[in-house]
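**Student:** There's a structure below that I have some questions on.
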Amino acid sequence: MRSIATRTAAAVATIATGIAVSAGGATAATAAEAEEGSVSITVELGNPNLLTDQGPMVFSVEDVPITEDPELTAVNRVSNPTGYCGDIEVDVEPVSKAVTITSGDGSCDFETASMSLEITGDSVVGGAIVGSDTLFAEETTLTHYVYDRVLYAEWQVDGPAGGLNWASLDGAADFSYAHSDEHPFIDVHGDMANPAYSEHWAPIGVLGVIGIVQGWGTPDGQEYRPFERATRDALAAFLYRAFGGEAVVSPTAEPFVDVSSDPDSPDYSEHWEAIYWMAEEGLAEGWAVDGGHEYRPTEQITRDAVAAFLFRWSDAAAAPADDPFVDVSRDTTSGDYSEHAEAIAWMSDSGLSTGWDTPDGPEYRPFEEITRDAIAAFLFRAESVMPVVR
């Protein structure tokens, strides 16, 4: 059995070629060989801390054909009012759907770098993810997004407030981009100008390609419905597909009185096998009632319950002693007490959740009902910390 990590790695490679796999087995990479197009690129390098600054150094090309060579190089410098040194290259590869920006002169220091890149033709950009970023020799903050089919990337050198923050531009940054219509779900998009934009478009796409999330079929295509609240049976299905592998569950097990494998039963659930697997693995106990336990499959699931399920499956020996979120506490006398506080602390420590930044500190919001896009993000991140089988 392949692990979710193996399948996710393969799907990440697929998403880099457009998140498209046809029924006949052809990938977007093979289709892209025939693609033609042009690209417009602008790169600005600046250092506002310099007293002599009169504006950034600018490189720019407009509607140049995509070739095997870099589409923007040092010869495309159009402005340098301050007299900076330094060169830059940007290379677009439509077959692998990759963009690489490089610089090789460590003697030239900058505080900011920004790039805008628009592809026209068959390779219209619908979303982009960062593969790697070593463009600056020192620590930087990279912000990137796609808006109206244009990829924007902005680097800011990190340094002391009010200090001299410039750093050597001497490395590379790699992006993979997806075509605007090659996501497996028609209601999920990576372009912020699109009404279907979701910040978690890439995890949803990857998990959709490998079949962990499936959504609903409609006359127009498959929908994921990312902003709907996730139900307890849907989460069971996601976890079973991700981690259950080839586990066979007996329909006679019936661990919950409100979940049946019998299609004629009023308690029938299409996800009964996943829910039974959850019980067999000790991931879900449900609620004790007269006559047994209830799973309550169609109820919406809260963020703390998701943390509990993932923590149980992880087999982690323990979570950090400290509570990383200001609205979650292990102290039973606290107004922020959560019975799943340990699991939530593990979510933070494992990199599965960063929560929301607030003036008082990060919040996890444990009792909020989780959305389907957040579930996808958690599962995508979980591939690096979850075992294949328990």
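**Student:** Which number in (1) crowded, with 17+ Cβ neighbours inside 10 Å; (2) farther than 30 Å from Gly205 by Cβ; (3) at pLDDT 85 or above; (4) of a type outside the set (Asp, Glu) marks the one condition that Asn47 misses?
**Tutor:** (3)
**Student:** Here is a follow-up. Picking from Ile119, Ile129, which residue would you name as being farther than 26 Å from Val78 by Cβ, in a strand (DSSP E or B), in contact with a Ser or Thr (Cβ under 8 Å, 6 or more places away or on another chain) and of a type in the set (A, V, I, L, M, F, W, C)?
**Tutor:** Ile129
Every residue, every condition in (1) at pLDDT below 90; (2) touching a strand residue (DSSP E or B) at 6+ places or on another chain (Cβ under 7 Å), yes or no:
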residue: Val75; (1), (2): no, no
residue: Ser107; (1), (2): yes, no
residue: Met115; (1), (2): no, yes
residue: Ile129; (1), (2): no, yes
residue: Leu142; (1), (2): no, yes
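**Student:** A follow-up question, please. Take the residues in the stretch 81-113 that are surrounded by 19 or more Cβ atoms within 10 Å (Cβ to Cβ) and among the small types (Gly, Ala, Ser); name whichever of them is farthest from Gly37 (Cα to Cα).
**Tutor:** Gly86
**Student:** Does Phe136 meet the test of being among the hydrophobic types (A, V, I, L, M, F, W, C) and either under 20 Å from the mean Cα position of the chain (by Cα) or open to solvent by 40 Å² or more (accessible area, probe 1.4 Å) (or both)?
**Tutor:** Against the criterion (among the hydrophobic types (A, V, I, L, M, F, W, C) and either under 20 Å from the mean Cα position of the chain (by Cα) or open to solvent by 40 Å² or more (accessible area, probe 1.4 Å) (or both)), Phe136 does not qualify.
**Student:** Considering only the stretch 291-390, give the helices (runs of 4 or more DSSP H) lying wholly within it that have at least 2 residues that are free of Cβ contacts under 8 Å to residues at least 40 places away in the same chain.
**Tutor:** 303-314, 341-349
**Student:** Now a separate question. Take the stretch 170-206 and flag every residue that is crowded, with 23+ Cβ neighbours inside 10 Å, part of a strand (DSSP E or B) and small (Gly, Ala, Ser).
**Tutor:** Ala173, Ala178, listed by residue number.
**Student:** Can I ask one more? Restricting attention to the stretch 245-258, does a residue exist that is touching a Pro at 6+ places or on another chain (Cβ under 9 Å) and open to solvent by 30 Å² or more (accessible area, probe 1.4 Å)?
**Tutor:** Among the residues of the stretch 245-258, not one is touching a Pro at 6+ places or on another chain (Cβ under 9 Å) and open to solvent by 30 Å² or more (accessible area, probe 1.4 Å), which makes the answer no.
The values are calculated or read from the model by the stated rules, or taken from the named source; none is laboratory data. These numbers come from a predicted model, not from an experiment. Cβ: placed from backbone, ideal geometry, glycine included. Neighbour counts: every protein chain shown. To get the accessible areas, we keep the full protein, side chains included, count just its heavy atoms, and leave off ligands, DNA and RNA. Shrake-Rupley method; radii C 1.70, N 1.55, O 1.52, S 1.80 Å.
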